[in-house]
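A short worksheet on the structure shown next.
The values are calculated or read from the model by the stated rules, or taken from the named source; none is laboratory data. Bear in mind the structure is a predicted one, so any value in this text is a computation, not a measurement. A quick note on method: Cβ atoms are made from the backbone with ideal geometry, for glycine too, and the neighbour counts reach across all protein chains shown. Heads up: the accessible areas ignore ligands, DNA and RNA and are worked out on the full protein's heavy atoms, side chains in. Shrake-Rupley method; radii C 1.70, N 1.55, O 1.52, S 1.80 Å.
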Amino acid sequence: MKIKDIKKAITYIQDYRYNAALNKEAMEVLANLEHSKGKLPQNIKEQCDNYAKNTLGDIKYAPWLYVYSLMRGEFKHGWIPDNYYGKIVLPKSNGISGTPAQIKNISGSLLKSDLFPDLVSYSSGIYSASASNDVLKPEQVKDFLFKDHDTVIYKLNSSFQGKGIHFFNKDEFCLDKVAKLGSGIFQRLIVQHQIFNELFPKPGATMRLTTALTPEGNVDVRGAYLRLGIGTDEFVKSSTNIRVGIDLDSGALFNNGYTSDWFEIDQHPTTKKSFKGVVIPNFKQACEDVIALHKNYPFVQSIGWDVIINEHGGVEIMEWNAVHNGIKFTEAIQGPMFADMAWTDKKFIAA
């Protein structure tokens, strides 16, 4: 077998496994939704199938369309299934230029922003102060980190979905342990706004804002939702979080949110706090800030931003994702988010 045939076979297997895993998730979500919303009507399922085959090019893109349609009670042209987004859209719209988003210890410098709560970067045995990029001697690191902070958070590069996160206090801090963990960024803990404490009193409530850059150079926020911890979670985890949509015009929470299993709820299951009537403070400023940051990095078309509003109402950016910033939840509750982009055009698909 020729090398090119082997590579082709490997690519086919990888793509098959990728689509199979995401579509399995979609069908599980659909089953959960059907418990509360009833079965997906056959005529809508047919619209999804036709759109997947005739517009997107393959029936394998239908399952997430089923989910979106059942959530909204109708099918909408322009929707982007999660597996189509990952395998067709992002390699062409973001490509390798999205990779720097995984290197958390360069975000502030790369995006020319002081909105990241970064303190100290660690990479290949070198510690450096994030604000100045000055290299710190090993014996300086501990005092530098804990001069004004009792506890700091350490995030590994390429960490995502609440994984690769570690907390250190001064007594527990050890350079050898950091070296074993690998490169990453130390950040100060952010005291979240009281409105989030009322919803769930543990830290880490984050807004996921999705921005898009058009070929004409315009950037705007296409989707927004709030992520909250649940139960005994010490910080937000993708595996257990509560998600509630945010109205892009007013900053108000949707009346209903969803568990990680996509079961619809109208209040937080731990605190019993209703989502109705809650308005995110300084939401407009948060949108303006992520738009400005995306303009500072005009090399990718779609970015997901994890944003916190602090106790004083200030905007802080926890991290950004331009490799595979998940869109399935915002597509379901607010989409189609990208109907004006060329992502479903056959010329884009074939390029």
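Calculate, for the chain, the solvent-accessible area per residue in square angstrom, rolling a 1.4 angstrom probe over the heavy atoms of the protein chains. Could you put the intermediate results ahead of the total?
Numbers: 16800 Å² over 351 residues.
Here the per-residue accessible area is 48 Å².
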Lys/Arg +1, Asp/Glu -1 at C-beta; the chain dipole; positive extreme among 250, 69, 313: 69
- line: Counting Lys and Arg as +1 and Asp and Glu as -1 over every other residue whose Cβ sits under 15 Å from the Cβ of residue 336, the net charge comes to -2
query: Cα-based count: Lys pairs in the range 118-188 below 15 Å, eight or more positions apart or different chains?
result: 6
message: To the nearest 20 Debye, how big is the dipole of the chain about its Cα centre, given +1 on the beta carbon of each Lys and Arg and -1 on that of each Asp and Glu?
response: 1120 debye
field: Table column - 3J(HN,Hα) (Hz), the range 263-269, Karplus curve with 6.51, -1.76, 1.60, x for Gly and Pro
entry: 8, 6, 9, 10, 8, 5, x
- request: Sort the range 8-59 into rounded, prolate or oblate with this rule: let a ≥ b ≥ c be the square roots of the eigenvalues of the Cα gyration tensor; rounded if a/c is under 1.5, and if a/c is not under 1.5, prolate when a/b is larger than b/c, oblate otherwise.
  value: oblate
- request: Read phi for every residue in the range 111-123 and hand back ³J(HN,Hα) as whole Hz from Karplus 6.51 cos²θ - 1.76 cosθ + 1.60, θ = phi - 60°, with x for Gly and Pro.
  value: 8, 6, 9, 9, 7, 7, x, 6, 10, 9, 9, 10, 7
- prompt: Using a 1.4 Å probe on the protein chains only, how many percent of the accessible area of the chain belongs to carbon and sulfur?
  reply: 52 percent
query: Which whole-Hz couplings ³J(HN,Hα) result when phi for each residue of the range 279-291 is put into the Karplus expression 6.51 cos²θ - 1.76 cosθ + 1.60, θ = phi - 60°, listed in order with x for Gly and Pro?
result: 10, 5, x, 6, 5, 4, 5, 4, 5, 4, 5, 6, 4
task: Any lysines with Cα under 20 Å of the residue 24 Cα? List them, leaving off those in the same chain fewer than 8 positions away.
output: 37, 39, 45, 53, 60, 87, 328
- prompt: Taking the alpha-carbon set of the chain, what are its Rg and Dmax in Å?
  reply: 21.2, 67
message: Give me, ordered by chain and number, the residues 5 or more places off residue 136 or on other chains with an amide H under 5 Å from its own placed amide H.
response: 127, 128, 129
- line: Of all trypsin sites (Lys or Arg not before Pro) in the range 94-186, the ones in DSSP coil with at most 14 other Cβ atoms within 10 Å are 112, 147, 163, 170
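Would you work out if the range 192-334 is rounded, prolate or oblate? Take a ≥ b ≥ c from the square roots of the eigenvalues of the alpha-carbon gyration tensor; rounded if a/c is under 1.5, else prolate when a/b is larger than b/c, oblate otherwise.
prolate
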- request: Estimate the FRET efficiency between residue 214 and residue 296 by the formula 1/(1 + (r/R0)^6), using the beta-carbon distance for r and 22 Å for R0, to the nearest 0.05.
  value: 0.85
- prompt: In what sequence, largest accessible area first, do 72, 227 appear using a 1.4 Å probe?
  reply: 72, 227
Crossing angle, helix 42-54 versus the chain [Cα axis fit, 0-90 degrees, rounded to tens]: 80 degrees
query: By its C-alpha gyration tensor, with a ≥ b ≥ c as the square roots of the eigenvalues, how is the range 118-188 shaped: rounded for a/c under 1.5, else prolate for a/b larger than b/c, else oblate?
result: rounded
message: As an exercise, identify the GluC sites (Glu not before Pro) in the range 258-351 lying in DSSP coil whose Cβ has no more than 15 other Cβ atoms within 10 Å.
response: 311
query: Looking at 11, 181, 47, which one has the Cα that reaches farthest to the positive end of the dipole of the chain (charges on Cβ: Lys, Arg +1; Asp, Glu -1)?
result: 11
